[in-house]
Amino acid sequence: MRTIVTGGAGFIGSHLVDRLLGEGAEVTVVDNFDAFYPRAAKESNLALALGNPRCRLIELDIRDAGQVTRLVEQSRPDVIVHLAARAGVRPSIDNPALYCEVNVLGTVHWLQAAARLDPRPRFVYASSSSVYGDRSDAPFRETDPVDLPVSPYAATKKACELLAFTFHHLHGLPVTGLRFFTAYGPRNRPDLAIAKFTRLIDRGEPVPMFGDGTTRRDYTFVADIVDGVVRAIERCSGHHLYNLGNADPIELRELIDAIGAALGKTPHIQQVPEQPGDVRQTYADIDRASADLGYKPKTPFSDGLAQYVAWYRANRA
């Protein structure tokens, strides 16, 4: 199976690359090593994969339509897994134009290149739980309306979902969108809550707790996310959208305390105001993914957090 993974040097992408190589696929990793976080971290993510003769790395900016088209035409992939994006809710508020350019226009380039191939490749792409907006009712279902995004990042992900359907409708491109719910685990992006809080607690520095600590997130271990992606690849046909979550939200204060316990240290909490673009909760209904894909997350939060802390301690230098 010839597979292109965009954003393949990132957190989820690199775990997916390792899984695909382990199953015998030929993998082309596409990444531009954006300065959002250090290049060395991404290179470390790919250290094992690039030792495999079935893996190659192409450094490419997805905003360059010509490079994207040439790569797809030359590679003629069976599958494109499009994970590359500008990530982060709060940074998107400061630079919405950049998020639209990378996330929306970049996705169009891959959809268009895929639609020109005959036969059409399977196209699996990353959406986000952020499309559900700030809602009090839960759990979130794929049939729920998602017309009220509260950040530019969320709006770009919603836009990509609409475009994916359009390319399926016009060109018969088989597309599957995956709404990820707060992935965590080894190689975690350094800006995400678990990684950030772990560093601060380990150093004895104050931990900023936004609001009263009752906001909650559906933390999903990265191996479970990757299992869902692989299942979606295998079954990609027509047009589909799936939640990939753990269906077991954790409150912010509980998260901070759990990280402190895993490190054997007491968190020093500094309560600060809630941030624009944040939502009160994320909570995945995974019935559709379970029924269609056989998706079933297996990692309890305590086990996943222990794995992350072990990885952090081994790599914090």
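Only the coordinates and a few stated rules stand behind these numbers; no lab work does. Given the structure is predicted, the values throughout are model-derived calculations rather than measurements. Note that we place each Cβ from the backbone using ideal geometry, even for glycine, and neighbour counts take in every protein chain shown.
Between helix 11-22 and the chain, what is the angle of the helix's C-alpha long axis to the longest principal axis, kept within 0 to 90° and rounded to the nearest 10?
50 degrees
Picking from 105, 156, 275, whose Cα lies most toward the positive end of the charge dipole for the chain (charges on Cβ: Lys, Arg +1; Asp, Glu -1)?
Looking along the dipole axis, the top candidate is 105.
Among 275-281, 48-54, 239-245, how do they line up from the highest to the lowest mean number of other beta-carbon atoms within 10 Å?
In descending order of packing, they fall as 239-245, 275-281, 48-54.
Of the lysine pairs in the chain, how many meet both conditions: Cα atoms under 26 Å apart, and a spacing of 8 or more in sequence or different chains?
7
To the nearest 20 debye, what is the magnitude of the charge dipole of region 1-86 about its Cα centre, counting +1 on the Cβ of each Lys and Arg and -1 on the Cβ of each Asp and Glu?
20 debye
How far, in degrees from 0 to 90, does helix 252-263 lean away from the longest principal axis of the Cα atoms of the chain, to the nearest 10?
80 degrees
By the scheme Lys and Arg +1, Asp and Glu -1, what is the net charge of all other residues having a beta-carbon under 12 Å from that of residue 124?
+1
Okay, which of region 276-317 sit inside 14 Å, backbone N to the point 7 Å along the Cα-Cβ direction of residue 214?
Taking a point 7 Å out along Cα→Cβ of residue 214, the residues of region 276-317 whose backbone N falls under 14 Å are 280-281.
Work out the length of the dipole vector of region 66-176 about its Cα centre, built from +1 on the beta-carbon of each Lys and Arg and -1 on the beta-carbon of each Asp and Glu, and round it to the nearest 20 debye.
Numbers: 11 positive and 11 negative charges, 59 e Å.
My answer is approximately 280 debye.
Given only helices, namely DSSP H runs of n ≥ 4 each adding -39500 (n - 2.57), what is the per-residue ellipticity at 222 nm of the chain, to the nearest 500 deg cm²/dmol? Walk me through the intermediate numbers first.
Numbers: 12 runs with 128 residues, N = 317.
Estimated from H runs of four or more residues: -12000 deg cm²/dmol.
Per-residue HN-Hα couplings for region 74-85, Karplus 6.51 cos²θ - 1.76 cosθ + 1.60 at θ = phi - 60°, whole Hz, x for Gly and Pro?
Per residue, the Karplus-derived 3J(HN,Hα) values read 6, 7, 6, x, 6, 9, 10, 10, 9, 10, 5, 5 Hz.
5 Å is the cut-off here: which amide hydrogens, built 1.01 Å from N in the peptide plane, fall below it relative to residue 140, excluding neighbours closer than 5 in sequence?
283, 284, 285
Suppose we keep just the alpha-carbon trace of region 199-295; what are its Rg and Dmax in angstrom?
My reading of the Cα-based Rg and Dmax gives 17.0, 51 Å.
Calculate the FRET efficiency for residue 165 and residue 52 from the Cβ-Cβ distance with a Förster distance of 51 Å, rounded to the nearest 0.05.
Details: r = 35 Å, r/R0 = 0.68.
Working from the Cβ atoms, E equals 0.90.
Nearest 10 degrees is fine. How inclined is helix 152-171 to the longest principal axis of the chain, computing both from alpha carbons?
That works out to roughly 20 degrees.
Amide H neighbours of residue 127 under 5 Å, at least 5 residues apart or on other chains, H built in the peptide plane: list them.
178, 179, 180
Per q in 0.10, 0.11, 0.12 1/Å, what log10 I(q)/I(0) does a Debye calculation on the alpha-carbon atoms of region 119-276 return?
Taking Cα atoms of region 119-276 as identical point scatterers yields -0.44, -0.52, -0.61.
Quick one: what are the phi-derived ³J(HN,Hα) couplings along region 126-131, Karplus 6.51/-1.76/1.60 with θ = phi - 60°, whole Hz, x for glycine and proline?
Once rounded to whole Hz, the list reads 8, 9, 7, 5, 5, 5.
Give the calculated FRET efficiency between residue 120 and residue 98 to the nearest 0.05, with a Förster radius of 25 Å applied to their Cβ-Cβ distance. Spell out each step's value before the answer.
On the way: r = 30 Å, r/R0 = 1.21.
Computed FRET efficiency for residue 120 and residue 98: 0.25.
What would the Debye equation give as log₁₀ I(q)/I(0) for region 9-48 at q = 0.26, 0.28, 0.35, 0.36 Å⁻¹, counting only Cα atoms as equal point scatterers?
-0.87, -0.97, -1.28, -1.32
Ordered by residue, what ³J(HN,Hα) values in Hz, to whole numbers, does region 37-50 give under the Karplus form 6.51 cos²θ - 1.76 cosθ + 1.60, where θ = phi - 60° and Gly and Pro are x?
Each residue of region 37-50 in turn: 8, x, 4, 4, 5, 5, 4, 5, 4, 9, 3, 6, 4, 6 Hz.
Give me, ordered by chain and number, the residues 5 or more places off residue 210 or on other chains with an amide H under 5 Å from its own placed amide H.
Sorted by chain and number, the residues that satisfy this are 272.
Taking just the alpha carbons, could you work out the radius of gyration and Dmax for the chain, both in angstroms?
18.8, 58
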